[in-house]
Amino acid sequence: MTTYKLNYFPHRVTAELTRLIFAQGGIDYEDNRVPTEEWPALKPKMPFGTMPVLEVNGEMIAESQAIAAFVAEVTGMRGDTPLERAKATMVCEGVHDILVKSYPIFEEKDEEKKKEKFTKFREDHVMQMVKNLEKLLSASSNSGEWFVGEKITYADLAVFDFFDSFTPHFKFTGSDLKDDYPKLSALFERVKQLPKIDAWLKKRPHSEY
Ligand SMILES: N[C@@H](CCC(=O)N[C@@H](CS)C(=O)NCC(=O)O)C(=O)O
């Protein structure tokens with residue numbers, strides 16, 4: 001039997017998508033949450049000196065997007081054709097890019113500047129992405145039920161996580177989609193209510209981000 005160990009800090013950030021895929025795929029894995037004080041000793045052992053790192057039967061894979069794509073493939077949520085896989089990757093990379101772009105704002109020390117930067121980022125990136133995602137979903141081949149093809153892929157989980165873990169920092173949650181973004185709102189609720197996702201959301205350790 002294949003064994004999986006996911007190494008990351010005790011946060012959601014770039015590992016939560018993989019945890020959601022594992023949950024929905026019904027695959028057992030070790031969710032190794034490395035305390036910050038233990039990281040310096042572990043860092044040199046990781047392929048790129050960063051986490052997340054997924055160990056598959058002891059072999060290490062770094063880079064959050066490569067890990068998510070791999071676990072999506074193992075669980076049948078990667079997309080069924082080359083075009084579907086490309087579209088799923090597009091959505092995952094798109095929302096991941098925004099997350100990465102936002103890092104410098106969280107590090108801003110001046111509280112006033114930080115507030116201004118948050119507001120600007122919300123308008124320039126977060127709300128722009130919300131609009132783009134709604135458009136993309138409305139144009140999908142299945143009347144906007146899933147982003148790609150006829151069934152759930154990891155793109156749907158990535159977008160769910162975007163609204164569940166990331167946009168709340170910008171005062172925009174999954175429930176705020178209700179009024180103006182009907183397709184996204186329905187997708188958010190559909191994913192949230194999947195029995196295995198619901199079970200994971202209820203049992204996962206609390207983390208601020
Ligand atoms: N592109 C990489 C970035 C990895 C990365 O920078 N991870 C951060 C945590 S989100 C990290 O390991 N920081 C600790 C360090 O660099 O020592 C990915 O998406 O996995």
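The values are calculated or read from the model by the stated rules, or taken from the named source; none is laboratory data. As the structure is a prediction and not an experimental result, all values here were calculated from the model. Cβ placement follows ideal geometry from the backbone for every residue including glycine, while neighbour counts extend to all protein chains displayed.
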Problem set entry | Condition broken by residue 111, with the remaining ones in (1) of a type in the set (D, E, K, R); (2) farther than 24 Å from residue 194 by Cα; (3) surrounded by 14 or more Cβ atoms within 10 Å (Cβ to Cβ); (4) more than 16 Å from the ligand (Cβ to nearest atom) satisfied | (3)
Problem set entry | Unmet criterion (only one of (1) surrounded by 12 or more Cβ atoms within 10 Å (Cβ to Cβ); (2) within 12 Å of the ligand (Cβ to nearest atom); (3) not assigned by TED's automatic domain parsing to the domain that holds residue 15) for residue 103 | (1)
Exercise. Are any residues in the stretch 15-68 closer than 22 Å to residue 91 by Cα and in a strand (DSSP E or B), and if so, which ones?
Worked result: 53, 54, 61, 62
Problem set entry | residue 123 more than 16 Å from residue 188 (Cα to Cα), in the same structural domain as residue 164 (by TED's automatic domain parsing) and exposed (fewer than 13 other Cβ atoms within 10 Å of the Cβ) | yes
For this session: Please indicate, with yes or no, whether at least one residue in the stretch 130-141 is in contact (Cβ under 8 Å) with a residue 12 or more places away in the chain, at negative phi and of a type in the set (S, T, N, Q).
Result: yes
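In the stretch 50-94, what residues are among the aliphatic types (A, V, I, L, M), within 12 Å of the ligand (Cβ to nearest atom) and under 14 Å from the mean Cα position of the chain (by Cα)?
Of everything in the stretch 50-94, those that are among the aliphatic types (A, V, I, L, M), within 12 Å of the ligand (Cβ to nearest atom) and under 14 Å from the mean Cα position of the chain (by Cα) turn out to be 66, 67, 68, 69.
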Problem set entry | Close pairs from the stretch 146-169: first closer than 17 Å to residue 83 by Cβ, partner among the basic types (Lys, Arg) and assigned to a loop (DSSP other than H, G, I, E, B), Cβ under 8 Å, at least 6 apart | 153/78; 154/78
Exercise. With (1) more than 30 Å from residue 140 (Cβ to Cβ); (2) more than 13 Å from the ligand (Cβ to nearest atom) as the list, and residue 22 as the residue in question, which single condition is left unmet?
Worked result: (1)
